[in-house]
Structure formats: C-alpha cells, structure tokens
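What follows is a set of notes on a single structure, which appears directly below.
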Amino acid sequence: MFSVIILAAGKGERLNLGYNKVLYDIKGKTILEYSVDYFLNDSTFSDVFVVVNEKDLLHIKEVLHGKNVKFVLGGITRQASVYNALKKVNTKYVMIHDGARPFIDKSNIDKLKETVKDNACALAKKTVDSIAIHSFNKIKNYVNRESFVFLQTPQVFNTSKITKAYDLAIKNENTYCDDASLYMHELQEDVIIIEGNEFNIKLTTELDLKILEAVL
Ligand code: CTP
Ligand code: MG
C-alpha cells in the first residue's frame, strides 16, 4: 500500500565534509542506512526508492549492497529529485523522506500512515524561540510564534494527487522547498501536520552531527 522515496542526491555543501553528508558514519552505519533499514523492516512499504546523484551512485550501491532498494537518479534540485522518483511509484500512497534525517520514530510513521487515508500529512516542529521579521540587521516586526511550525519529513501523500501537484508545479514553473508546500499550493488542498519526535533533525550543521552522534 505504501512506497517510500528516500532522498540522498544532494551535495551536503553546508556541512562541508567534502562528501555527501548522508554517507557520514555513526556507530558503523551511514546516516542514509538508518532510514533505509527502518523502511525495509516495515512490511507495509512494498518499495523503497533511494534517489542518488550520478557521482555517488557506485559508492551508495556498495553501501546498500544486498538491501532490497530501487535506485533512481536525482536532479539538480530536491524538487527534481522527488519528481524523478515519483514517476516510478505504483502504490496508492507514497512517503517522501530526507535521507539526511536518520532518526525515525515508529509512532510518527504510524500516525502519518493513518492520517493519509483522509489528507496529505507532514511532520512538523514548533518553535521555542521568538520569531521576528528583520531587514538589514534590524527587527522590523514580531510575529506570533504559535502561528509557525518548521516542516519536516517524512511527508505522506496519495500518489496520484502528489504526482498531479508535481505536474502542475513543473507546468507553472513553480519551485518549493518541500513537498507539502508544493501540494498545498498547486492543489489548494489541506496538509495535516503532526508534531514529530524532537530528535527528527536534518543533518545540516556540525551541531546536528553532535546531537545525532549522541542519540543514534
Ligand atoms: N536532495 C536530493 N537532491 C537534490 C538536493 C537534495 O535528493 N538535488 C536531498 C539531500 O540528499 C537531503 C535532502 O534532499 O537528504 C534534504 O536536502 P538538504 O538538507 O538541503 O541536503 P543537501 O542539499 O545535500 O545539503 P546542502 O543544501 O547543504 O548542500
Ligand atoms: Mg540542499
């Protein structure tokens, strides 16, 4: 009933390791393997697609050797990477996940699977800090932090609807940072948010590395 698309075709430039951050090793396992293994062990996922760039293809194939995954070549942007994989999905629902988020929480996944029967759905995190609008190092305005969440992955969709949303985004030349925003804007349909586990961080900075090394 479900497929998952795990994105690993980025370059990890902000972390500046000199190689793709999803290949960073924590406790004998790469960051990418944590999510790949989770989804391979959940039998409701019939297909696990791993999206990789051409440069890393051989290396990632070696790292995931013997695991039942399907490789898809990514694109220049995250959006292009997702679109390439979406074309291969043939289950009713598809989960889309950043390979750079290795901390997967079963209860979060279960809630996503349940909610998608009625609505698209994304994990999200509330903010603890105050939020302000700024310009040239000056605060211009305050906004109510209760109105804000940070969107995370996994996000889950009805496959034919998210594919339609992607087709429209391509046709309209619209770009988005994540799939929930694309879906909501292109189809004008609701996306339900579920508060994710607080360790569901996306490896982006050195601080993230330190946290993940402690919790994985
Ligand atoms: N990603 C992808 N294809 C791209 C760009 C990103 O599959 N063209 C994936 C990354 O591998 C990552 C996820 O999308 O798992 C989230 O992207 P991000 O955290 O921005 O990773 P990178 O693009 O690799 O990092 P950076 O932006 O620092 O270069
Ligand atoms: Mg990026």
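Our summary gives the chain a relative contact order of 24 percent, counting only alpha carbon pairs under 8 angstrom and 6 or more residues apart. Ordering of 23-32, 89-98 by packing is 89-98, 23-32, highest average first (other Cβ atoms within 10 Å, averaged per residue). Counted by Cβ distance under 13 Å from I201, the other residues give a net charge of -1, where Lys and Arg count +1 and Asp and Glu count -1.
The phi-based Karplus calculation (6.51 cos²θ - 1.76 cosθ + 1.60; θ = phi - 60°) puts the 3J(HN,Hα) values of the stretch 101-107 at 10, x, 8, 9, 10, 4, 5 Hz, whole numbers, x for Gly and Pro. Within the chain, DSSP assigns beta bridges of which about 45% are antiparallel (rounded to the nearest 5).
Here the spin labels are modelled as points 7 Å beyond Cα on the Cα-Cβ line, and at D167 and D25 they lie 4.5 nm apart.
Think of the chain as having a plus end and a minus end, set by charges on the Cβ of Lys, Arg, Asp and Glu; of S43, I76, Y93, I76 sits farthest toward the positive end of this dipole. Applied to the stretch 76-84, the Karplus parametrisation 6.51 cos²θ - 1.76 cosθ + 1.60 on θ = phi - 60° returns per-residue 3J(HN,Hα) values of 5, 9, 4, 4, 5, 5, 4, 4, 4 Hz, with x for Gly and Pro. Per-atom-type breakdown for the stretch 116-171 gives carbon and sulfur 53% of the accessible area (1.4 Å probe, protein chains only). Largest GNM mean-square fluctuation among S130, S160, S181, using the chain with Cα springs under 10 Å: S130. Taking Cα centre as origin and charging only the Cβ of basic (Lys, Arg, +1) and acidic (Asp, Glu, -1) residues, the dipole magnitude of the stretch 82-216 rounds to 200 debye. Measuring against 28 Å, Cα to Cα, the residue pairs K11/K125; K21/K67; K55/K161; K55/K202; K21/K140; K125/K161 contain K55/K161; K21/K140 as the ones spanning a longer distance. Per-residue SASA remark: L57, around 40 Å² accessible (1.4 Å probe; ligands, DNA and RNA not included). Measuring with a 1.4 angstrom probe and ignoring ligands and nucleic acids, R145 comes out at about 90 Å² accessible. Close amide H contacts of I201 (hydrogens built in the peptide plane, cut-off under 5 Å, sequence separation of 5 or more or a different chain): F103.
Reducing the stretch 171-200 and the stretch 82-159 to their Cα centroids gives an inter-centroid distance of 7 Å.
The values are calculated or read from the model by the stated rules, or taken from the named source; none is laboratory data. All values reported here derive from a predicted model rather than from experimental measurement. When we count neighbours, we look across all protein chains shown, and the Cβ atoms used for this are built from the backbone with ideal geometry, even at glycine. These accessible areas exclude ligands, DNA and RNA; they are computed on the full protein's heavy atoms, side chains included. Shrake-Rupley method; radii C 1.70, N 1.55, O 1.52, S 1.80 Å.
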